[in-house]
1. Looking at region 59-83, which of its residues are among the charged types (D, E, K, R), modelled with pLDDT under 95 and open to solvent by 70 Å² or more (accessible area, probe 1.4 Å)?
2. Please go through region 35-58 and pick out each residue that is loosely packed, with under 13 Cβ neighbours inside 10 Å and outside any helix (DSSP H, G or I).
3. Give me the residue from region 1-10 that is surrounded by 17 or more Cβ atoms within 10 Å (Cβ to Cβ) and more than 9 Å from the chain's Cα centre (by Cα) and, out of that set, modelled with the highest pLDDT.
4. Kindly evaluate Asn21 against the criterion of being open to solvent by 70 Å² or more (accessible area, probe 1.4 Å), modelled with pLDDT of 90 or more and either within 20 Å of Arg84 (Cβ to Cβ) or touching a Pro at 6+ places or on another chain (Cβ under 8 Å) (or both).
5. Would you point out which residue out of Glu49, Glu63, Glu82 is at negative phi, out of contact with any helix residue (DSSP H, G or I) (no Cβ under 6 Å at 6 or more places or on another chain), in contact (Cβ under 8 Å) with a residue 40 or more places away in the chain and of a type in the set (Asp, Glu)?
Amino acid sequence: MAQNATPDQTVPGHGRINEVNKRLDNQQNRIQNGVAKGQVNASQEARDEKHDANIAQRESADEARHNGHLTKAEQHNLNKSENRNSRHIRKQRH
């Protein structure tokens, strides 16, 4: 996920990073639950994981530009992408 953290690990003093990482981890869990329940097929899983990986890569690049921090605008843009992917995951599972 993020450059300074692995999933399920918080980065002290980095609330914006922790929020983005927590959301990415939650979405990964939702994808895996959908696969386990037969609601998400392999191609859908690959697409969703590709989008999550893209978000994580953008987060790492944003952090690198600001010494390990995210600006509010960067967090907002990442959240918009996460919201879009979250809606897509929900549509697949229901």
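1. Listed by number, the residues that qualify are Arg65, Lys72.
2. Lys37, Gly38, Asn41
3. Result: Ala5.
4. no
5. That would be Glu63, the only listed residue that is at negative phi, out of contact with any helix residue (DSSP H, G or I) (no Cβ under 6 Å at 6 or more places or on another chain), in contact (Cβ under 8 Å) with a residue 40 or more places away in the chain and of a type in the set (Asp, Glu).
The values are calculated or read from the model by the stated rules, or taken from the named source; none is laboratory data. Note that the coordinates shown come from a computational prediction; the quantities given were computed from them, not determined experimentally. Every residue, glycine as well, gets a Cβ built from its backbone with ideal geometry; the counts of neighbours run over all protein chains shown. Remember, those area values only see protein heavy atoms, side chains included, never the ligands or the DNA or RNA. Shrake-Rupley method; radii C 1.70, N 1.55, O 1.52, S 1.80 Å.
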